[in-house]
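Laboratory data are not the source of any read-out in this text; all were calculated from the coordinates shown. Note that the coordinates shown come from a computational prediction; the quantities given were computed from them, not determined experimentally. Positions of Cβ are backbone-derived with ideal geometry, glycine not excepted, and every protein chain shown enters the neighbour counts.
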């Protein structure tokens, strides 16, 4: 099942994407709230009700309301929190090699994550960026999950049952801001807090069953063979596979939930897949060729991410009409 959040006349709704159409869930079952946040707090009970409606629509046993005029927004437009992991060894190794530092042993000891701005979540469409963001503006190709159960001290063996579904994530990054502030061993903050993009819909785990593959030795949790690609203005710049995650979402959730509550509506990203950002691609290119032409996102660029089973997340980068700069405030 594919769940979407969308707007009609500036009001948010919850729907099902089925057969290339969007159907309002609340109009099919009044016990299902008309927004994603309340729906996720309903846990498996509401999820099961939604799945029955989805199947009835697919079987043409239910004459559901089809939405004709709508704006697709982030599937989880108001997350309870947003964490981002660091699960792909290839990306970490390449990034460290490009900085001429050794691979860090701690990567293989435990998964890590950071909190990003859950109020800066966006979906398909335009992403407006400030002038300073265009100082090495970057995409990051990732997968994200959202939870629909409250938990604490969850083991990895049970953590997959807390996942309501999977989405594409683009962890937008302003690299100049990020690299400057992280010299102080704190962050990332301003380099990340302006936009994190998720979408186009939330795909429930049952739809990914055909893609399930064995988890890497020594690890616990579900793993999926999902091809991951990113194009900029129609040119492919990145490709990878979700099966290459060296830490599973179950293991990341286990660490997130240690000594604290995780909540329905919490969004958790995988971290960047290998080759999944210009920072890595530029660094590797310059390492191999001093004359390599680096690339960063520019105003007007079309960024399209497609992941097997999860759809295509498309965004156009725009520039705010302002001269306001925080880089210009440096002492």
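Details
- With respect to the chain, whose longest principal axis is taken over its alpha-carbon atoms, helix 43-58 is tilted by about 70°.
- Sequence-separation-based contact order of region 104-228, relative, with Cα cut under 8 Å and 6+ spacing, percent: 28
- To the nearest ten degrees, helix 89-98 and the longest principal axis of the Cα atoms of the chain are 20 degrees apart.
- A protection proxy built from the mean count of other Cβ atoms within 10 Å ranks the segments 13-22, 66-75, most packed first, as 13-22, 66-75.
- Global geometry of the chain, whether rounded, prolate or oblate, following the gyration tensor of its Cα atoms and the 1.5 cut on a/c: prolate
- At 1.002 mPa s and 20 °C, Stokes D of region 240-331 from Kirkwood alpha-carbon radius, µm² per second: 123
- By definition, a body whose alpha carbon gyration tensor gives a ≥ b ≥ c is oblate when a/c is 1.5 or more and a/b is not larger than b/c, and region 2-73 fits this oblate description.
- The chain: antiparallel DSSP beta bridges as a percent of all, rounded to 5: 85
- Put in line by how crowded their Cβ is, counting other Cβ atoms within 10 Å and starting with the fewest, 249, 134, 115 read 115, 134, 249.
- Per residue, the average separation of C-alpha pairs within less than 8 Å and at least 6 apart gives region 51-113 a relative contact order of 27 percent.
- The GNM of the chain, with springs linking C-alpha atoms under 10 angstrom apart, assigns the highest mean-square fluctuation among 255, 175, 97 to 97.
- Panel order for 8, 308, 248, by other beta carbons found within 10 Å of each beta carbon, from fewest to most: 8, 308, 248.
- Overall form of region 175-260 per C-alpha gyration tensor (a/c, 1.5; a/b vs b/c): oblate
- Here 322, 284 are placed in order of increasing Cβ neighbour count within 10 Å, fewest first, which gives 322, 284.
- For the chain, the relative contact order is 23 percent, taking Cα pairs closer than 8 Å that sit 6 or more residues apart in sequence and dividing their mean separation by the residue count.
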